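The structure appears below as structure tokens.
All of the numbers you see were taken from the coordinates with simple rules; none came from a lab. These numbers come from a predicted model, not from an experiment. Using ideal geometry, Cβ is built from the backbone for each residue, glycine included, and neighbour counts are taken over all protein chains shown.
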Amino acid sequence: MDRRTFLSWVGVGTLASSLPAIIVACSSEETETETETSNTTPPKNEFVEVGNSEELDIRGFILNKDATGESVLVFRKPKTSELIAVTSKCTHAGCDVELDTDAQLLICPCHNSKFTLDGSVANKPATKPLASYEVKQEGNSILVKVI
Ligand code: FES
């Protein structure tokens, strides 16, 4: 056997011996992905934690894009401190709305739709209100009911 033939056989042998490890590695990645997906599926009509009161007090809002399966914006209504939770996705084309506490509006930066703090349309082009969620505080946890 010449040197070239020997090296090709070594290469084939190395590849063949690595194949089971490659297959196992690929399989475990799929399993982890499936597990992550099933763990993030929120239960309907149950409250899930979207953040904590410290984060809410420091930033003035909580924007959570995972916990409920929707993107949720939580903030306190000025003066009353009542908790409010609405979808952050503008009903016009899906951009994230931003809280303007001075104007007491939720404003979409994409095409300037405006919503009242309870999610009602205040300025077009959006024509549908933002979905609102039940929200409560338990200890430091801010909880939103999945719909
Ligand atoms: S996406 Fe919000 S106004 Fe168009």
Checklist outcome for this item: The lysines whose Cα lies under 21 Å from the Cα of LYS124, excluding any fewer than 8 residues away in the same chain, are LYS89, LYS114
Item to check | Residues GLU54 and LYS128, FRET efficiency given R0 of 35 Å [Cβ-Cβ distance, rounded to 0.05] | outcome: 0.60
Item to check | Neighbour-count ranking [beta-carbon atoms within 10 angstrom, fewest first] of GLU55, GLU49 | outcome: GLU49, GLU55
Item to check | Inter-label distance for HIS111 and ILE147, nm, one decimal - labels placed 7 Å from Cα along Cα-to-Cβ | outcome: 2.2
Checklist entry - Roughly how compact is the range 47-145, stated as its Cα Rg over 2.2 N^0.38 Å to two decimals? => result 1.00
